[in-house]
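Peer 1: Attaching a single structure in structure tokens format; questions to follow.
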Number of protein chains: 2
Amino acid sequence: MAAENPAPTTLDVGALADLLDGRWAELRRHARDISTEPEMVSIPGQPMAEHRERVLASLQRLADAGEVQRAFPTALGGEDNPGGNIAGFEELIVADPSVQIKAGVQWGLFGSAVLHLGTEHHHTTFLPGIMSLAVPGAFAMTETGHGSDVASIATTATFDPETQEFEIHTPYRAAWKDYIGNAAVHGTAAVVFAQLVTNGVNHGVHAFYVPLRDTSQDKVDGAHPMLPGVTSEDDGHKGGLNGIDNGRLAFDHVRIPRTNLLDRYGSVAEDGSYTSPIASPGRRFFTMLSTLVQGRVSLDGASAVVSKMALAIAWRYAEERRQFTGADPEAETVLADYGTHRRRLLPLLARTYAVQLLHNDLLERFHGVFAGEHDSDEDRQDLETLAAAAKPLSTWHALETLQTAREACGGQGFLAENRLVGLRADMDVYATFEGDNTVLLQLVGKRLLTDYGRSTAKMDVAGQARWVAERAGDMALHRTPLRRASQSIRDWGSRARSAEELRDPAMQRELLEDRVETMIEEIALRLRPTLKGTPAERAAAFDANQAELVEAARAHGELLQWESFTAALEAVTEPATRRVMVWLRDLFALTTIEKNLAWYLVNGRLSAQRARTVTSYVERLLLRLRPHALELIEAFGYGPEHLRAAIATGAEAQRQEDARAHVRRERATGTAPVLEKHLADTRDGASGPKVAQPV
Amino acid sequence: MAAENPAPTTLDVGALADLLDGRWAELRRHARDISTEPEMVSIPGQPMAEHRERVLASLQRLADAGEVQRAFPTALGGEDNPGGNIAGFEELIVADPSVQIKAGVQWGLFGSAVLHLGTEHHHTTFLPGIMSLAVPGAFAMTETGHGSDVASIATTATFDPETQEFEIHTPYRAAWKDYIGNAAVHGTAAVVFAQLVTNGVNHGVHAFYVPLRDTSQDKVDGAHPMLPGVTSEDDGHKGGLNGIDNGRLAFDHVRIPRTNLLDRYGSVAEDGSYTSPIASPGRRFFTMLSTLVQGRVSLDGASAVVSKMALAIAWRYAEERRQFTGADPEAETVLADYGTHRRRLLPLLARTYAVQLLHNDLLERFHGVFAGEHDSDEDRQDLETLAAAAKPLSTWHALETLQTAREACGGQGFLAENRLVGLRADMDVYATFEGDNTVLLQLVGKRLLTDYGRSTAKMDVAGQARWVAERAGDMALHRTPLRRASQSIRDWGSRARSAEELRDPAMQRELLEDRVETMIEEIALRLRPTLKGTPAERAAAFDANQAELVEAARAHGELLQWESFTAALEAVTEPATRRVMVWLRDLFALTTIEKNLAWYLVNGRLSAQRARTVTSYVERLLLRLRPHALELIEAFGYGPEHLRAAIATGAEAQRQEDARAHVRRERATGTAPVLEKHLADTRDGASGPKVAQPV
């Protein structure tokens, strides 16, 4: 080990930080620092009611300082900067995930719905109050009976030409709006999604601006009284995010003016006639929903932030904490020098880089669409598919990283003062809200199947990956043409001659890409015979392939992460830093391949001998990276003031120094007792008594 | 799918319940029912201080009713029934994991230490107060600076012959006792582990009974004042188990009588001379620690309980909840009929059976040792190894099951009222306390290596598995002789001719057992050349193999689970039930093999073609088991009164019936609006308008 573990080269941490923080690095760092202010940060164990009020105050502080309005129109005091806005927003999780998500409810969902689904009248009437937080609001889409299947919500908005009003109505219990942030206490208005009915025709889901509470009356228990016909019910305690007042809403024939329909994609005239710029009800629905993609984009970025924080906490502790003696009988071994510890944490470090770098590409793409630079239908669809692939991987990755970090810190990891458990509790729901992860991966899988179906002459399922890669333009690896799976099988035999070849990015890319393509091709071939069957037959065939389709989508996401990581290496110019970053990218690639090694073996892409070299090369990379891990983590830019974890402050190192000082004093004064087992050694003629080594 | 999914046969649920609840089924069910009482159950969001007092009251209720004293001597009001005591104790987690763990601190750790490490004087003096809860106490072993490495704790107990006292002392900050239940508020005494020093010699870690708080003075903030020299510090909020007052303790030259040394394994005479029935300090240390194995045993059982509860909640919801339309355009599909949902939950159901059935064997073995029926040194060592293998697998399994269940329930899963998030938060620390899971698996791995080293003519690393299997005595599969890996490789070629053979238990056993044996053999061969090297060389070699050793230990644990599951099948006599249980065992075996498929391929144990049949057979088993899943879960014996989850009460089914009734009314009255897309169909000449299908 010692031979593999030379004194660490100093990396260009600043350059890595710039790479990770991306195009809006300044806004990101500014938000990160705001998130250390006392009025912003979480307080472990704070009772729910107080936590909710504290988080509302944090939002007011952000609104007052103009920190959260960058996505809104310049004319209304914003900056028309959707990408920069999200970059800053993501870092608010450093303060308290409840602050981030409540801000997301107010400005990312409620405000964005008015911005993107409304028109001039709504912007000028409603946005100022939303931007200033004068009107805290709810985004009332999900119903108790319908989560991911938004098209099937049952709340109705029926137009009454006599009064020029819509009547918002909840027909039964399953149609109550549920899990709605700001619904239980603070929200005084909501964007409500409902089936628009006029002249006896249901035109599908539309959004309506609906007042909820009577702000002319004083608050009772923190909330203004409900308006007539509106009922609210508290969702109560949750697994996390208890600073947000999630609740349920029901509407009993509640009337709102005709003009409260957010009518960018569908409007109702005074006579009740319906018009829309999009003829197909299906396409109209998906266009409306697509304006809300920023929720997924920002959860992806927030997951990267939290993963970085978790590693910063756990690795700092791993570098200081000692347990059991090993190579050196005079000193206990630091956790970071244990094989199991490296194996648990360093692959997560590599994947965290991959998650952040893919996120940066996703965010650039989001900005391109929403700043109007590239916003064709195809751009929007690609953005949605990219977000649907990135968000499940990153949110699950954050949960895995937090849990592994918490276990790696033992009992310390379980204490609230070290933050890992609190962050994990809050992040839990990221896996199922703003699109259930499994459902999102199915969407990605279906898109891959569609793309496969469209391209007959040539497989073309990696379109997303290509988009990312094309940005790197001149990368030689990209000139490698795609190959059919059948060719690939022949090729691996000759190409994969040695472990060295696993370091070849072209080889890594082909292994990752080939897996996606082959899985999709196999599923498509299995589904094809049933395409002309009955609905039941088609459903059964799809069901039988559903789990594998999700796996293919996951593999696609991992390919995208690899592409972003590889493209980003171009920007790393300092040689030592670049070498370490290549190792880190290799570790990401090889652990991803190792995770799916059975697939490569079953499908003849790797021989058994080559497969063994995957694991041995991973082990070698772990040893090489270990001395650089702390610098790779320093590049994240989270200091003790951001982490607020007692074990990430050097406290453990200080405790150990105190212990060593005690032992030195005992030795100097000859007051240390003799160990019984060393007495026995002496009797047996072994070397003389030794002093106790408590540390 | 329909063809594979016939009307379910009714299983013999009662017989399955008896099998699962095991030898002490009555005590188990009694404790389960006590755990529904209002004064016992958790209250989501209860502030920490109130939670701590409520849990103390729950313990008093248990003590007053004589529910928790069964392990103690009959002479003192106990029942000398260690196994039955643990069986009941495990079910307390149904009420509130904090109740379970605080009871574990009081009677399982504090009380057990006095019982097993003390002698007559300590039993008669201290146990009555401990059993009645008149003396709430702490088990002060772990220090901030030393968790798993108990031998290195730095607290000292130095004998002073002049006063016939031990002086308990904390020499520096890292030596503070930490994470100690009952230390922050309620504990008035503690068993403190410290290095026993007398006549200038350190005789290693011993246990001492030490008063902490002055019960003659009134409580302040719920706690009696500290005695002179004793300092307590609150660990504050934790990731879960906040009903327990964990804290830190420091001792500044605190004096206790000589007779407060718990002296079963080592005593100090009035002149300060030390004697012990065990000559070797190392063996003495491990003997003392081995008396505390019940903590690990009971966490294993509690993890099984929680896994069963999580599946009962999630599967009930999966059978009722509908989302998206599939085969039937008139009705949405229940979650349980989705391929991804089956894939996520049913393998966990199979593994939960395996966890419970191995636990039952572990508990029998524990009882054998502690009731004095089989308590040789070898019995105790085997018990420890078995517990060290079982506890990591079951605690991680519980966390995985809770998380998968929570995600499978979407937003509902995140609400505290559905319990999954609260249970998960509480269970988190089970992975690292009472022996860190990774450290325990290393111990198992080392034992396997030792056993391998001892047996030269024949591989014999599956001794534990054999113990379990021998209980099944007449099982034909056990007559299959063990084979060398090299033979096995040749054999698989001919034996594994078809998927059918994967159903052969002898085949399953060989695949699972061969993996453990081969991994251990490979590690042993790699370590052998370094055995005569320097300490640093040996440490480096061990470090390089550490991650794989942990994997081998995990594989060993899975083999044990499979053995227990297979042995238990003998007791299932009703043919339909037996058939389903065989499928469930097969699902456990095949998903375990599938998880490690790469290993079987790399090592030539399965051909690529055979490997494909593993996954296809798993898919077939999932379809076969799906109609029986609810009955398999009913056998767990957890009704709505135990689960206390709103979604496990039929509420979702009622909501859906209400929704369907609404649609029927709309159809009957002709008030349903026409869907816009169906209007378009009509214009295109397709079939006439249809009513909306909101459910």
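Since every read-out is calculated from the coordinates, none of them should be taken as a lab result. Given the structure is predicted, the values throughout are model-derived calculations rather than measurements. Cβ placement follows ideal geometry from the backbone for every residue including glycine, while neighbour counts extend to all protein chains displayed.
Peer 1: Rounded, prolate or oblate: which fits chain B when a ≥ b ≥ c are the square roots of the eigenvalues of the alpha-carbon gyration tensor, with rounded for a/c under 1.5 and prolate only if a/b beats b/c?
Peer 2: In terms of gyration-tensor shape, oblate.
Peer 1: Hey, another quick one. Along the principal axes of its C-alpha atoms, what lengths does the stretch B:294-634 span, in descending order and rounded to whole Å?
Peer 2: The Cα atoms of the stretch B:294-634 stretch 73, 46, 41 Å along their principal axes.
Peer 1: Using the alpha carbon gyration tensor of the protein assembly as shown, what are the three equivalent-ellipsoid semi-axes (square root of 5 times each eigenvalue), largest first, in whole Å?
Peer 2: 52, 36, 33
Peer 1: Please compute, for peptide A:48-55, the average count of beta-carbon atoms on other protein chains lying within 10 Å of each residue's beta-carbon.
Peer 2: Mean inter-chain Cβ contacts per residue within 10 Å come to 1.
Peer 1: Give me the lysines in straight-line cross-link reach of residue B:391: C-alpha distance below 26 Å, same-chain residues under 8 apart excluded.
Peer 2: Filter leaves A:595, B:102, B:177, B:238, B:308, B:446, B:595.
Peer 1: Could you tell me the relative contact order of chain B? Use alpha-carbon pairs under 8 Å, at least six residues apart, and round to a whole percent.
Peer 2: Numbers: 1114 pairs, mean separation 99.3, N = 695.
Relative contact order for chain B comes out at 14 percent.
Peer 1: Once the label point is placed 7 Å from Cα along Cβ, list for residue B:639 the distances to the corresponding points in the other copies, in nm, shortest first.
Peer 2: 6.1
Peer 1: Antiparallel versus total DSSP beta bridges in the stretch B:49-206: what percent is that, nearest 5?
Peer 2: Expressed as a percentage, antiparallel bridges in the stretch B:49-206 total about 60.
Peer 1: So, one more: Where does helix B:339-370 land angle-wise versus the long Cα axis of chain B, in degrees 0 to 90, nearest 10?
Peer 2: It works out to around 30 degrees.
Peer 1: If we count every other residue with Cβ under 12 angstrom of residue B:234's Cβ, Lys/Arg +1 and Asp/Glu -1, where does the sum land?
Peer 2: Charge balance in the 12 Å sphere: -3.
Peer 1: What are the residues whose amide H is under 5 Å from the amide H of residue A:143, where those residues sit 5 or more places off or on another chain and H is modelled from the backbone?
Peer 2: When sequence neighbours closer than 5 places are left aside, the close amide H contacts are A:178.
Peer 1: From the phi angles alone, apply the Karplus equation (6.51, -1.76, 1.60; θ = phi - 60°) to the stretch A:540-554 and give each ³J(HN,Hα) in whole Hz, x where the residue is Gly or Pro.
Peer 2: So the Karplus estimates, Gly and Pro as x, are 5, 5, 5, 4, 5, 9, 5, 5, 6, 4, 4, 4, 5, 5, 5 Hz.
Peer 1: Using a 7 Å offset from Cα along Cα-Cβ at residue B:164, what residues in the stretch B:247-279 end up with backbone N under 15 Å from the label point?
Peer 2: Residues B:256-261, B:268-273 fall inside that zone.
Peer 1: As an exercise, use a Förster radius of 35 Å and the Cβ-Cβ distance of residue A:231 and residue A:25 to find the FRET efficiency, rounded to the nearest 0.05.
Peer 2: Efficiency at R0 = 35 Å is approximately 0.15.
Peer 1: Same structure again: For chain B, find the longest principal axis of its Cα atoms and tell me its angle to the long axis of helix B:575-595, 0 to 90°, nearest 10.
Peer 2: That helix lies at roughly 70 degrees to the long axis.
Peer 1: For the protein assembly as shown, give the magnitude of the charge dipole about the Cα centre (Cβ charges: +1 Lys/Arg, -1 Asp/Glu; no others), in debye to the nearest 20.
Peer 2: 3580 debye
Peer 1: Shifting gears a bit: For residue A:570 and residue A:654, FRET efficiency with R0 = 51 Å and r from the beta-carbon atoms, rounded to 0.05?
Peer 2: After rounding to 0.05, the efficiency reads 0.75.
Peer 1: Between residue B:215 and the same site in the other copies, what are the distances in nm, shortest first, taking label points 7 Å from Cα along the C-beta direction?
Peer 2: Shortest to longest, the spacings are 6.0 nm.
Peer 1: Treating the Cα atoms of the stretch A:35-290 as identical point scatterers in vacuum, please give the log10 of the normalised Debye intensity I(q)/I(0) at q = 0.09, 0.15 Å⁻¹, two decimals.
Peer 2: Computed log10 I(q)/I(0) values: -0.38, -1.07.
Peer 1: Based on the Cβ-Cβ distance of residue A:376 and residue B:36, what FRET efficiency does E = 1/(1 + (r/R0)^6) give at R0 = 60 Å, to the nearest 0.05? Don't skip to the answer; put the middle values down first.
Peer 2: Values: r = 60 Å, r/R0 = 1.00.
The pair residue A:376/residue B:36 has a calculated efficiency of 0.50.
Peer 1: A follow-up question, please. How far is residue A:278 from itself in the other copies, in nm, if each label sits 7 Å out from Cα along the Cα-Cβ line, shortest first?
Peer 2: 7.2
Peer 1: Cα to Cα, under 18 Å, and not fewer than 8 places away if on the same chain: which aspartates and glutamates meet these conditions relative to residue A:677?
Peer 2: Excluding near neighbours in sequence, the set is A:330, B:149.
Peer 1: Among DSSP beta bridges whose residues both lie in chain B, state the antiparallel percentage, nearest 5.
Peer 2: 85 percent
Peer 1: So, one more: Longest span of chain B, sites excluded, free of GluC sites (Glu not before Pro) in DSSP loop with at most 12 other C-beta atoms within 10 Å? List each step's numbers first, then the result.
Peer 2: Numbers: sites that count: B:39, B:162, B:270, B:330, B:373.
Here the longest run is B:374-695.
Peer 1: Further, regarding this structure: Could you work out how far the C-alpha centroid of the stretch B:212-234 sits from that of the stretch B:530-549, in angstrom?
Peer 2: 48 Å
Peer 1: Tabulate in residue order the Karplus-calculated ³J(HN,Hα) for the stretch B:23-35, using 6.51 cos²θ - 1.76 cosθ + 1.60 with θ = phi - 60°, rounded to whole Hz; enter x for Gly and Pro.
Peer 2: 4, 10, 4, 5, 4, 4, 5, 4, 5, 4, 6, 4, 6
Peer 1: For labels at residue B:669 and residue A:279 in the simple 7 Å Cα→Cβ model, what's the distance in nm?
Peer 2: Label at residue B:669, label at residue A:279, 3.6 nm between them.
Peer 1: Positive end of the charge dipole of chain B (Lys, Arg +1 and Asp, Glu -1 on Cβ, about the Cα centre): tell me which of B:129, B:262, B:450 has its Cα farthest that way.
Peer 2: With unit charges placed on the Cβ atoms, the residue in question is B:450.
Peer 1: Take every DSSP beta bridge with both residues inside the protein assembly as shown and express the antiparallel ones as a percent of the total, to the nearest 5. Provide the component values of the computation, followed by the final result.
Peer 2: Values: 72 of 90 bridges.
If we restrict to bridges inside the protein assembly as shown, about 80 percent are antiparallel.
Peer 1: Please give the calculated 222 nm ellipticity per residue for chain A, where each DSSP H segment of at least 4 residues contributes -39500 (n - 2.57) and the sum is spread over every residue; nearest 500 deg cm²/dmol?
Peer 2: Calculated at 222 nm, the ellipticity per residue is -17000 deg cm²/dmol.
Peer 1: May I pose another question? Would you mind working out the magnitude of the charge dipole of the stretch A:557-683 relative to its Cα centre, with +1 at each Lys and Arg C-beta and -1 at each Asp and Glu C-beta, to the nearest 20 Debye? Before the final figure, lay out the partial values.
Peer 2: Working: 18 positive and 16 negative charges, 108 e Å.
About 520 debye.
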